[in-house]
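The values are calculated or read from the model by the stated rules, or taken from the named source; none is laboratory data. None of these values were measured; they are calculated from a predicted model. Counting neighbours? That spans all protein chains shown, and the Cβs are built from the backbone with ideal geometry, glycine included.
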Amino acid sequence: MRYTAVFESPIGPLTIVSDGEAVTGLDFPLWRGAPRTAADGERREDLPIFRETRCWLETYFSGRDPGPAPLLRTGGTAFQELVWAELRNIPYGRLTTYGAIAGAIAEKTGRPQSAQAVGGAVGRNPVAILIPCHRVVGKNGSLTGFGGGLDAKVALLESEGVDMTGLYRPAKGTAL
């Protein structure tokens, strides 16, 4: 069974999706620049996982580190799960690059990884913000790679107090 609840955030309403025990999705009102239909499922604002997630998001949007995310169930491929585990290691208010994540995974697995493959997995993160894919930038400071849109990515980084010096909006790309 799928359940949904809505969290009104400073970047717009976020739809929290759960299987009843863990968060399985966090949907933005716009995804890759197009309106996104709220996840299907029974609307259940009262589930404990939704209360816990709302509390986490309230702390996050107040400009404070909320600590570890609530229980998540992401259901990705083995490679995606490796990438998402690396995303969870990015400290609040810090940035990393796709290449750095590829290097960390290569070090752990003994197999070379490409930054492009990492970017593909980052882009499939079903629980953005909770797994902080917004903290990943291009090696040259490009703010690319956020399906919720660059305005949302910038707002999230600014709320964390990230120094935006040297970061820029790309002129073209998939997450404008």
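Being within 12 Å of the chain's Cα centre (by Cα) and surrounded by 17 or more Cβ atoms within 10 Å (Cβ to Cβ) is the filter here, so list the residues in the stretch 87-122 that pass it.
Hits for the stretch 87-122 are 87, 90, 121, 122.
On the basis of being part of a loop (DSSP other than H, G, I, E, B) and among the small types (Gly, Ala, Ser), does residue 93 make the cut?
Yes, satisfied.
For the stretch 134-164, what are the residues that are within 23 Å of residue 60 (Cβ to Cβ), modelled with pLDDT of 90 or more and polar (S, T, N, Q)?
159
Quickly run through the stretch 39-53 and pick out the residues that are over 12 Å from residue 130 (Cβ atoms) and either under 16 Å from the mean Cα position of the chain (by Cα) or of a type in the set (Phe, Trp, Tyr) (or both).
Hit for the stretch 39-53 is 50, nothing else.
Return the residues of the stretch 57-86 that are within 25 Å of residue 99 (Cβ to Cβ), assigned to a helix (DSSP H, G or I) and under 14 Å from the mean Cα position of the chain (by Cα); say none if nothing qualifies.
80, 81, 83, 84, 85, 86
Considering only residues that are touching a strand residue (DSSP E or B) at 6+ places or on another chain (Cβ under 6 Å) and of a type in the set (A, V, I, L, M), which ones fall in the stretch 77-111?
Passing the criteria: 87, 90, 95.
Given the criteria out of contact with any Asp or Glu (no Cβ under 7 Å at 6 or more places or on another chain), in a strand (DSSP E or B) and either of a type outside the set (A, V, I, L, M, F, W, C) or under 25 Å from residue 144 (Cβ atoms) (or both), does residue 99 qualify?
Judged against the criteria, residue 99 is not a match.
Let's see how each residue does on (1) free of Cβ contacts under 8 Å to residues at least 12 places away in the same chain; (2) not in a helix (DSSP H, G or I):
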site	(1), (2)
111	yes, yes
125	no, yes
146	no, yes
151	no, no
166	no, yes
172	yes, yes
